[in-house]
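Heads up: the structure comes next, in C-alpha cells.
The values are calculated or read from the model by the stated rules, or taken from the named source; none is laboratory data. Predicted model, so just to flag it, every value in this text is computed and none were measured. For neighbour counting, all protein chains shown are included, and Cβ atoms are generated from backbone atoms with ideal geometry for every residue, glycine included. Just the protein is used for accessible areas: all its heavy atoms, side chains included, with ligands, DNA and RNA removed. Shrake-Rupley method; radii C 1.70, N 1.55, O 1.52, S 1.80 Å.
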Amino acid sequence: MTSEEMIARIERGISNYTPQVQLKFEVHVTEHCNLNCKQCAHFSPLAEESYIDVDQYTKDVNRLSELFDGEMSYILLLGGEPLLHPRLTELMEITRKAFPVGRIRIVTNGILLPKMTDDFWESCKKWNVEISPSEYPIKFDYDEWSKKLKTQGVKYTTYSPARSTMYKIHPICPKRGGTDASCRSNFFHCPDASRCVTLRDGRMYTCDIAAHAIHLKKHFNLDLPLSKRNSVDIYAVESGSELLEKLAHPIPFCQYCDVVVGENMIECDWAISRKDRYEWLGFEFLPEDIAYLKEKKLDVYVFGAGHWGSRTVHQLHNEGIAAKAILVTRHAEGKEPICGVPVVNVDDLGEVSKESICLVALASPAMKAEVYPLLSGIGFGDVVPVS
C-alpha cells in the first residue's frame, strides 16, 4: 500500500466518525424493481412487491423537517424502481413541502420514463425534482432522454454513469459472530458508512445495506440478527445534531460485512440476477453452502495457503469436495499439497471454466483488497469470501 492510499484510508475513517453537517438521506419508495440486476446492493431482486406507506412517510419527513428547520442537502427517492409507485407525484409534493431547501432526486433505471404522464412531468417542474438515472448497460438511450427532459425544463442529473462493471458490495456473513472491535474496524474502513443514510419506517440507518437486509434474511431464511440498534428512532432524538451524531457510529450489523475499501471489491460484468446466494453472501460452511457446491458441480479453487486456506481445504475435503488448486500470488514453488491439492501461483493457472468458484480464504481486509481485483479478472464464475 502506498503512503497516498494509507492517507486516503485514514481520511475516510475519520470522515465516517465525523457527523455530517447537513441532512442527506435516501428512502425506498418501492422495494421491488422492474430491472433484475445481479448483486443489487438494495436486494431488490429478492424483495416482494411493496410500496412505501404514504401516511408514514409524510409523518417521517415532517418530523425530519422539524429537526432540521426544513433544510437538507439532498433526498434520494429510489428503490427498487421508484417510477413504479402509483402515488409518486404525491410523494414529490410531500417531500418538497417538508423541505423547501435542498435537492430532491428520483434515482431510476429510466425504463419507465417514456410511460410517465404529463402530470408527472409537471410535478417534477413544480416541485423542483431531478430525474437521476443510474445508466445501466441496457437498451435505453440515456443521452436522448437527457436532452429531451432538459428541453422540457425538467432537471436531468446522472446518478451513476454508464458502466458494464458492477461490484459485489460487502458480501454478508451471517454466521460471523464479531466483536466490538470488528464493528469499529469495518465501520472505519467502509466506503458507505454515513454516506448512504437511509430512512425506513421512522428510523434512520447509517447504511442502506442494514436498512434493507430484511429481504436477504427472508429470501434465504437466514439466521441474521437485525437489531433495532442498527438504526436511530427519529422521534426519540431532541435535535438534528443529535441524530447526525448518533449516525456517525458503528452499528451491530457492521460485524457481518466483508468490508474492502474503494474499487478493490469483487467485480463482475453487469448481468441479470439469478438470485444466487453468493451474489450477496459469503461462504460459511453452512449445510446450504456445501449443498450448493455439490449440486452445481463447480470447479472449486481456494485462494490462500495460510491457516485459513489450509482449514478451508481440509473442511471441503471432509465434506467430500475436492478443490482443484490452492492459489497464491507468491512462493508457490516447493509448497506441499494440502489434502492432495496442489499449490499454484495464479500467474501459472491458465484458463478457468465459467463453471467455477474461487473461495478466498484470507483474514486480512488489506490482503483481500490486493487479491480481489486480481481474481475478478481471471474468469471465475464467482469469487466468494470465506468466513
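Quick look at the values:
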item	result
Alpha-carbon radius of gyration plus Dmax, which is the widest Cα pair, for the range 303-367 in Å	11.5, 31
Estimated translational D of the range 241-303 in µm²/s (Stokes, Kirkwood radius over Cα pairs; 20 °C; 1.002 mPa s)	140 µm²/s
Volume per residue of the C-alpha convex hull in the chain, rounded to whole Å³	146 Å³
Cα-centred dipole magnitude for the range 7-92, charges only on beta-carbon of K, R (+1) and D, E (-1), debye, nearest 20	440 debye
Cα gyration tensor category, rounded, prolate or oblate, for the range 63-172 with a/c compared to 1.5	oblate
Residue order for SER164, SER15 - accessible surface, 1.4 angstrom probe, largest first	SER164, SER15
Percentage, to the nearest whole number, of Cα pairs in the range 1-112 over 25 Å apart	37 percent
Loop sites in the range 53-147: trypsin sites (Lys or Arg not before Pro), DSSP, at most 12 other Cβ within 10 Å	LYS139
Using θ = phi - 60° and Karplus 6.51 cos²θ - 1.76 cosθ + 1.60, couplings along the range 117-124 (whole Hz; Gly, Pro as x)	7, 4, 4, 5, 5, 5, 5, 4
The range 150-257, accessible area per residue, ligands and nucleic acids excluded (1.4 Å, Å²)	46 Å²
Span from the the range 252-293 Cα centroid across to the the range 316-339 one, whole angstrom	22 Å
³J(HN,Hα) computed for each position of the range 20-32 - Karplus, 6.51 cos²θ - 1.76 cosθ + 1.60, integer Hz, glycine/proline x	5, 7, 10, 6, 8, 7, 10, 8, 6, 8, 9, 8, 8
Heavy-atom accessible surface of the chain: percent carbon and sulfur, 1.4 Å	49 percent
Spin-label pair VAL101/SER364, simplified geometry with 7 Å Cα→Cβ offset, distance in nm	4.8 nm
Solvent-accessible surface (1.4 angstrom probe) belonging to LEU243, in square angstrom, nearest 10	0 Å²
Simple spin-label estimate for ASP118 and LYS294 in nanometres, 7 Å along Cα-Cβ	6.4 nm
Table column - 3J(HN,Hα) (Hz), the range 137-142, Karplus curve with 6.51, -1.76, 1.60, x for Gly and Pro	x, 10, 7, 8, 8, 5
Mean ellipticity per residue at 222 nm, deg cm²/dmol - from DSSP H runs of n ≥ 4 across the chain, formula -39500 (n - 2.57)	-9500 deg cm²/dmol
Contour excess over end-to-end distance, with Cα ends at ASP180 and GLU263 and 0.36 nm allotted per residue	27.3 nm
Residue among GLY13, GLY79, GLY320 with the largest mean-square fluctuation in a Gaussian network model of the chain, springs linking Cα atoms under 10 Å	GLY320
Links that overshoot a 26 Å alpha carbon limit, given the list LYS38/LYS297; LYS228/LYS296; LYS125/LYS168; LYS126/LYS246	LYS228/LYS296; LYS125/LYS168; LYS126/LYS246
Linear extension gain, LYS147 paired with ILE7, 0.36 nm per residue minus alpha-carbon span	46.4 nm
Separation in nanometres of the label points that stand 7 Å from Cα toward Cβ, at ARG195 and SER15	0.6 nm
Cα shape, the range 168-219, gyration tensor, a/c 1.5 rule	oblate
Amide H contacts under 5 Å for GLU130, placed H, 5+ residues apart	ILE104, ARG105, ILE106
Label point at HIS219 placed 7 Å out along Cα→Cβ; residues across the range 22-36 whose backbone nitrogen lies under 15 Å	31-36
Placed amide H near HIS170: partners under 5 Å, 5+ positions off or other chain	VAL260
For VAL344, distant residues with modelled amide H under 5 Å away	ILE326, LEU327, VAL328
Rg/Rh (Cα only; Kirkwood hydrodynamic radius) as it applies to the range 261-380	0.93
Globularity ratio of the range 184-246, using Cα Rg and 2.2 N^0.38 Å	1.19
Accessible area expressed per residue, the range 51-127, with surrounding protein chains retained (probe 1.4 Å, Å²)	43 Å²
